[in-house]
2 protein chains.
Amino acid sequence: MPNEPNVTAIDALPASEARWIEFQKISWNDQAGKSRVWEAASRKTRGKSGVDAVAISTVIRHPNRSPSTIIILQYRPPVDAICVEFPAGLVDEKETPSDASLRELHEETGYQGKLKYISPTIVSDPGMSTANMQLATVEVTLKEGDKEPEQALDDGEFIERVVVPLDDLYSRLIKYSDEGKKVDARLWHWAAGLHFAKTML
Amino acid sequence: MPNEPNVTAIDALPASEARWIEFQKISWNDQAGKSRVWEAASRKTRGKSGVDAVAISTVIRHPNRSPSTIIILQYRPPVDAICVEFPAGLVDEKETPSDASLRELHEETGYQGKLKYISPTIVSDPGMSTANMQLATVEVTLKEGDKEPEQALDDGEFIERVVVPLDDLYSRLIKYSDEGKKVDARLWHWAAGLHFAKTML
């Protein structure tokens, strides 16, 4: 039975010690020709693809269940909470984002699917960070009686996967949030767009 | 006619110089009881609400036009590109996120609307940052002949607003991306959820 993860200390991180991220002081000229400075965080791990990370929106089709997606729950130290997210991960040095999407989906959820689409490169929080990503859409087709597959997690990875009917996704995210879990903004926006289409159009 | 903004230099930012963001070295115990370290970026501007920022998904209703939303285009130094985003901004020190949503929508787009809903606190990029936000849904009701309102931008803010029929949003984002603009991941996810509801369910 795993322990409850917890933060024990938050200290200032000297730039010289940082291994995964770095701070940039960006000098730029604005639209009025004025010289200005912007501060940003950046990942040090970006590989040849030029894309830091991928996330995967999955649709599971089954002969007699309603279409579902897969979300994951994992503890995230920066927000000291269990986060609710699409399966996601960093793109390896020589990997394509498409390959990373199928790999991460398999590792984090056990499911193997067909890549239907991958988004252009989009930016995660461009007011404060250089981080970018692509969102993949993967279809998993199940037959009657197919068993739930095994996750392929690394040692020390604790990730819970949850299959959620798409009709329940939005209310499920509200419920998780009410319980004190933190929903990832990107997953929230996807579910909110889906919900909007059903209720406000 | 404004100039084309551009980055002139990217330097390492010493922690002692950083005014807007800071680096955290987070010590935490994982699920196996092992002591570990995580690196994260954090905004220094979070106020009393505990929420860094808001974004606004608007629906404009008009007697004889299809429902539309408002997106904004602005240059973002961290990604050295024009970004395509929902209207958004930081929550002021003593402001509520709901008030910030209506204020930012008005400043960035000129439109004034009614707050229909505001999301729980969601996390922007919880693998690398403490940043959080809330997503507001605002409804703007126009009458026949209403003029496009004036933006209320600060000096030195260059923000273009674009009203887009919801039916065209997804293809518009692809077009912007093809042109070299960078779409914000949260806006992309919202549009992808909407598009998914129309095409894959």
Study note, to complete from the structure: Within the range B:23-45, restricting to residues that are open to solvent by 40 Å² or more (accessible area, probe 1.4 Å) and either assigned to a loop (DSSP other than H, G, I, E, B) or more than 7 Å from every other protein chain (Cβ to nearest Cβ) (or both), the one that is farthest from A:Asn6 (Cα to Cα) is B:Thr45
**Study point:** Number of the exception - A:Pro78 against (1) out of contact with any strand residue (DSSP E or B) (no Cβ under 6 Å at 6 or more places or on another chain); (2) without any contact (Cβ under 8 Å) to a residue 60 or more places away in the chain
**Key:** (1)
Exercise for review: Tell me, yes or no, whether the range A:68-81 has at least one residue that is crowded, with 16+ Cβ neighbours inside 10 Å, more than 11 Å from every other protein chain (Cβ to nearest Cβ) and in a loop (DSSP other than H, G, I, E, B).
Suggested key: no
Exercise for review: Please work out which residue is surrounded by the fewest Cβ atoms within 10 Å (Cβ to Cβ), limiting yourself to the range B:108-123 and to residues that are touching a Leu at 6+ places or on another chain (Cβ under 9 Å) and aliphatic (A, V, I, L, M).
Suggested key: B:Leu115
Practice item. Return a yes/no flag: does the range A:161-168 have any residue that is touching a residue at least 12 places away in the same chain (Cβ under 8 Å) and part of a helix (DSSP H, G or I). Key: yes
Study note, to complete from the structure: Checked the range B:124-141 for anything open to solvent by 10 Å² or more (accessible area, probe 1.4 Å) and either free of Cβ contacts under 8 Å to residues at least 24 places away in the same chain or assigned to a strand (DSSP E or B) (or both); matches are B:Asp125, B:Gly127, B:Asn132, B:Gln134, B:Thr137, B:Glu139, B:Thr141
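Here is a yes/no grid of residues against (1) in contact with a strand residue (DSSP E or B) (Cβ under 8 Å, 6 or more places away or on another chain); (2) modelled with pLDDT under 95; (3) among the charged types (D, E, K, R):
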site: A:Ala152; (1), (2), (3): no, yes, no
site: A:Val163; (1), (2), (3): yes, no, no
site: A:Lys175; (1), (2), (3): no, no, yes
site: A:Ala185; (1), (2), (3): yes, no, no
site: A:His195; (1), (2), (3): no, no, no
Check your understanding: Within the range A:151-161, is there a residue that is of a type in the set (Lys, Arg) and under 17 Å from the mean Cα position of the chain (by Cα)?
Key -> yes
**Study point:** Which listed residue is more than 10 Å from chain B (Cβ to nearest Cβ), aliphatic (A, V, I, L, M) and under 30 Å from B:Val51 (Cβ atoms), from A:Val183, A:Val140, A:Val164
**Key:** A:Val164
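The values are calculated or read from the model by the stated rules, or taken from the named source; none is laboratory data. Everything numeric in this text was worked out from a predicted model, so none of it was measured. Methodologically, a virtual Cβ is constructed for each residue, glycine included, from the backbone with ideal geometry; neighbour enumeration extends over all protein chains shown. Note: accessible area is taken over every heavy atom of the protein model, side chains too, but ligands, DNA and RNA are not part of it. Shrake-Rupley method; radii C 1.70, N 1.55, O 1.52, S 1.80 Å.
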